[in-house]
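Just so you know, all these numbers are worked out from the coordinates, no wet-lab data involved. As the structure is a computational prediction, the values presented were derived from the model and not from experiment. Glycine also receives a Cβ, built like all others from the backbone with ideal geometry; neighbour counts cover every protein chain displayed.
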Amino acid sequence: MFTQDRVYLAILRVTQFIILLTFHEWGHAKSANMLGDSTARDQGRMSLNPAVHIDPIGTLFLPLIGTFFGGGFFGWAKPVPVNPYNLRHPRRDLMLIAAAGPFMNIVLTFVILGVLKLLLVFGVLDVTESVAHYQIKKELVLSAFISVFLAAFNLLPLFPLDGFSVVNGLLPERASREFSKLAPYGLPILLALIFLPSLIGIPNFVFIFLHNITTDILNLIGIIVGVR
């Protein structure tokens with residue numbers, strides 16, 4: 001049943017998702033431009049305007065449906081276009097461009113928790129006296145968690161995720177050529193990892209692993225910033 005609270009929650013979660021994805025995609029586009037490929041910039045994708053990165057199905061429809069039904073969701077943004085022929089060192093530069101997206105999510109996590117720290121230090125938020133303030137703190141921490149989770153998920157070494165290009169760039173050239181042959185199998189494996197466990201009624205160990213890694217990284221960043 002789509003109650004008003006559930007609708008509000010779904011819109012809030014998707015808004016958080018879109019903002020975090022926007023910085024992720026901007027990181028790809030900005031790094032590509034810095035490394036010599038202006039394709040994304042020329043197409044208007046080197047932007048912090050969320051509208052240029054939204055994929056109607058992956059960024060809006062699936063996340064909304066997933067949140068409506070009270071579970072997690074699988075989503076994506078429009079891929080940032082990269083022309084490897086414009087890069088001086090294509091394999092290395094593609095690795096750096098791929099890594100820039102998750103890196104931006106980690107930077108954004110520091111920013112979110114840093115803002116939370118300032119709000120608490122200057123008394124703008126008083127979580128002991130106000131339920132609303134407690135909710136704001138909770139949503140900021142959740143945004144930080146989602147940001148780290150996006151970084152961790154995207155670093156899985158499966159095509160079309162960023163981790164595939166990162167691993168490919170780190171491997172010796174001969175091993176890289178062999179690893180590249182696995183690209184056609186990446187998406188089917190990824191979809192199986194996401195959906196198969198729930199279909200056959202077993203725990204999703206990949207997502208449990210990602211959740212644990214995300215929690216550990218978030219706690220570490222929280223300690224560094226001073227909100228843990």
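Enumerate the lysines that residue 78 could reach by cross-link, defined here as Cα to Cα under 19 Å, with residues fewer than 8 away along the same chain left out.
30
Quick check: the distance between the Cα centres of segment 150-172 and segment 68-122, to the nearest angstrom?
13 Å
On a straight-distance basis, which lysines could pair with residue 117 in a cross-link, Cα separation under 23 angstrom, same-chain partners fewer than 8 positions away excluded?
137, 138
Regarding the chain, what whole-number volume in Å³ per residue does the convex hull of its Cα atoms give?
Details: hull volume 34.3 nm³, N = 228.
Per residue, the Cα convex hull of the chain comes to 150 Å³.
Placing +1 at every Lys and Arg Cβ and -1 at every Asp and Glu Cβ, with all other atoms neutral, what dipole size does the chain have around its Cα centre, in debye to the nearest 20? Don't skip to the answer; put the middle values down first.
Numbers: 16 positive and 13 negative charges, 69 e Å.
Taking the Cα centre of the chain as origin, the dipole is about 340 debye.
So for the chain, taking the charge dipole from beta-carbon charges (+1 Lys/Arg, -1 Asp/Glu), which of 46, 128, 65 sits furthest toward the positive end?
It is 46, whose Cα lies furthest towards the positive end.
Quick check: from the Cα gyration tensor, does segment 122-206 come out rounded (a/c under 1.5), prolate or oblate?
Details: a/c = 5.44, a/b = 2.04, b/c = 2.67.
Oblate, since a/c reaches 1.5 and b/c is not below a/b.
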